[in-house]
Structure formats: structure tokens, C-alpha cells
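Heads up, the thing below is written out as C-alpha cells.
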Amino acid sequence: MAQLPVMENPWKLELINTSDGSHTIRLAGADEQYHSINGALQESLHVFINAGLDEVIDDFQPLHILEVGLGTGLNALLTAQNSIKKNKVVYYDAIEPFPLDNELIKGLNYTTLFNDTLISQAFDLIHHAGNEQYSNLQHLFYIRCFQQRIQELHLQSEKYHLVYFDAFGPDTQPEMWTEEIFTRISSSMKPGAIVATYCAKGAVRRAMKSAGLKVEKLPGPPGKREITRAVKM
Ligand SMILES: C[S@@+](CC[C@H](N)C(=O)[O-])C[C@H]1O[C@@H](n2cnc3c(N)ncnc32)[C@H](O)[C@@H]1O
């Protein structure tokens, strides 16, 4: 499939600092960021790596991951870091209808936080990934990125072991947190696969349950009481 033309980002974006020193991006004029202002790196590690990747990385080879909302690429970067450190093959399918422009990407301080050439290479790879073929780092971390909204993307059934669901919050994007979207996601997951998300709203958990997922609440990162992890039965 050919790369689709890039859709215009409906939001005005600005780079900001978060409490742990890592950057994130704010939607100007809205109370919404790409990550928690209490620590972007801390949140990504807590919600997606510790409660998601760590649960499955030793069990499946190769491991197939879907991310809804690639954004800054921080979750992908931390996943690449783990894949290489643990010598595990990961196939990462990212969805991002509104890729960040180069100036914002260059401004992000994630590679300087790690000061590791491999992390810098992973960051470049992630932000240059196309949708037709996987790009890879050390034949361990493979990534491709679909520049489409999840609503319009055909997802292969029973493919993924792990889903990072990282859309903007339900107040900003209510259309993303519906039974319909979670049913599409659930169909793309293998039985026993996990979906990890930062959102723990009751309505979101109910939408996940209606989509056939078994939902559990976990303690959240600093500034957030709970997060959600769900398993496909
Ligand atoms: C909370 S931010 C993403 C954070 C990201 N995972 C990161 O680490 O930077 C939400 C992301 O979802 C993307 N998005 C918005 N609408 C979407 C849709 N319909 N389908 C998939 N992704 C969408 C946004 O462009 C944005 O990058």
C-alpha cells in the first residue's frame, strides 16, 4: 500500500518540560499533553513498559506490538531499548495520523537523557518508519508506522501480543475510547494478549469490558491514582 498524504494536524503543538526532566508536547489552548506533566519518561515506563512490555517480552518470540498514537515515539524508543538490551525480537506497528513536524522532533530531549548511540539510532529509525516495510535496528527491533486514523486502518486479526493504547484522553478524543474501537483492537489481539493504557475512567473500563476484554486496575505513576491493563480472553 502506498504512503497516504499526511493529514494536517488539527492541534497547535508546543514542547514543554515535565517534572522528571523529560520533554512532552502540549496541545496549546487545551488541558492536554502527549504525556503526564508529572514526568513523561516516568509515565511511559510505568504504564507501557512495566505494566505491559515486561509482562510479555520473555514469553513470545517474535513479539508483536501495536501502538495507537506514536506521537513523540517515547514508548517505541523505550521498547527498542528493551528489545536490544534483552536480545528479543520485536515487531512494532505504530499508528500515527498526525506525525510531528521535524522541528518538534529535533527539540525532544529523549536521546540526551540516555546518551547512548543506539538510542539515538532508534529515535531516528522510529521517526523515519514507513508503512510498507519494517525498518530495523540490529535485526531485533522492527518498526513500521501507518499514517492513518485507527478508525480507517485494517488491522490483521489475532496478530498482537501487546497493545499500547495511548490516544489523547476521553475529554479531548471521546471517539477513541469507545466499545467500537476496543472491539477492533480486541480482534487484532491474540488470546491472552494485553492492552495497556494510562486511562482508568469507569466509562473506558466498561467499553473495554463490552469489547470482551478482562480489565484490571493497577496503581498509577506519580500524579495518577490508577491505570488500566486489560487481557483478551
Ligand atoms: C497522547 S498522544 C501520544 C503519545 C505517544 N504515544 C508518545 O509517546 O508521544 C496521542 C497520539 O494519538 C494520535 N492520534 C490522534 N487521533 C488518532 C487516531 N484517530 N488514530 C490513531 N492515533 C491518533 C495523536 O496524533 C497523538 O500522537
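Can you tell which of Ala94, Ala76, Ala40, Ala80 is away from the ligand (no atom under 12 Å from the Cβ), within 30 Å of Lys190 (Cα to Cα) and at pLDDT 95 or above? Outline the logic, then answer.
Values: Ala94 fails: away from the ligand (no atom under 12 Å from the Cβ); Ala76 fails: away from the ligand (no atom under 12 Å from the Cβ); Ala40 fails: away from the ligand (no atom under 12 Å from the Cβ).
Going through Ala94, Ala76, Ala40, Ala80 in turn, the sole match is Ala80.
Could you list all residues from the range 118-134 that are in contact (Cβ under 8 Å) with a residue 24 or more places away in the chain and either closer than 17 Å to Pro99 by Cα or not aliphatic (A, V, I, L, M) (or both)?
If we filter the range 118-134 for residues that are in contact (Cβ under 8 Å) with a residue 24 or more places away in the chain, which is where we start, we get 118-119, 122-123, 125-127, 129-132, 134.
Within the range 118-134, Ala122, Phe123, Leu125, Ile126, His127, Ala129, Gly130, Asn131, Glu132, Tyr134 meet the criteria.
Among Ala196, Ala167, which is within 24 Å of Gly29 (Cα to Cα), in contact with a helix residue (DSSP H, G or I) (Cβ under 7 Å, 6 or more places away or on another chain) and not in a helix (DSSP H, G or I)? Write out each step before concluding.
Values: Ala196 fails: within 24 Å of Gly29 (Cα to Cα).
Exactly one residue qualifies, and that residue is Ala167.
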For Ile105, only one of the following conditions fails: (1) within 13 Å of the ligand (Cβ to nearest atom); (2) touching a strand residue (DSSP E or B) at 6+ places or on another chain (Cβ under 9 Å). What is its number?
(2)
Restricting the range 168-194 to residues that are among the polar types (S, T, N, Q) and farther than 8 Å from Ala211 by Cβ, which is nearest to the ligand (Cβ to nearest atom)?
Gln173
For the range 58-95, how many residues meet the condition of being under 13 Å from Ile25 (Cβ atoms) and assigned to a loop (DSSP other than H, G, I, E, B)?
5
Selection from the range 199-227 of residues that are within 17 Å of the chain's Cα centre (by Cα) and in contact (Cβ under 8 Å) with a residue 40 or more places away in the chain
Gly220, Pro221, Ile227
Per the filter on the range 147-165, residues within 14 Å of the ligand (Cβ to nearest atom) and surrounded by fewer than 24 Cβ atoms within 10 Å (Cβ to Cβ) are Gln147, Gln148, Arg149, Ile150, Gln151, Glu152, Leu153, His154, Leu155
Within the set of pairs 6+ apart or on separate chains, which have a first residue in the range 179-198 that is farther than 14 Å from Asp166 by Cα, a second that is in a helix (DSSP H, G or I) and of a type outside the set (D, E, K, R), and C-beta atoms under 6 Å apart?
Glu179/Ala207; Glu179/Ser210
Out of the residues in the range 97-126 that are within 24 Å of Gln151 (Cα to Cα) and buried (at least 21 other Cβ atoms within 10 Å of the Cβ), which is nearest to the chain's Cα centre (by Cα)?
Ile126
Filter result for Asp54 (assigned to a loop (DSSP other than H, G, I, E, B), of a type in the set (D, E, K, R) and without any contact (Cβ under 8 Å) to a residue 40 or more places away in the chain):
no
Lone qualifier among Gln173, Gln156 - being in contact with a helix residue (DSSP H, G or I) (Cβ under 7 Å, 6 or more places away or on another chain) and on the phi < 0 side of the Ramachandran plot
Gln156
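The values are calculated or read from the model by the stated rules, or taken from the named source; none is laboratory data. Computed from a predicted structure; not experimentally measured. Cβ atoms come from the backbone with ideal geometry, glycine included; neighbour counts cover every protein chain shown.
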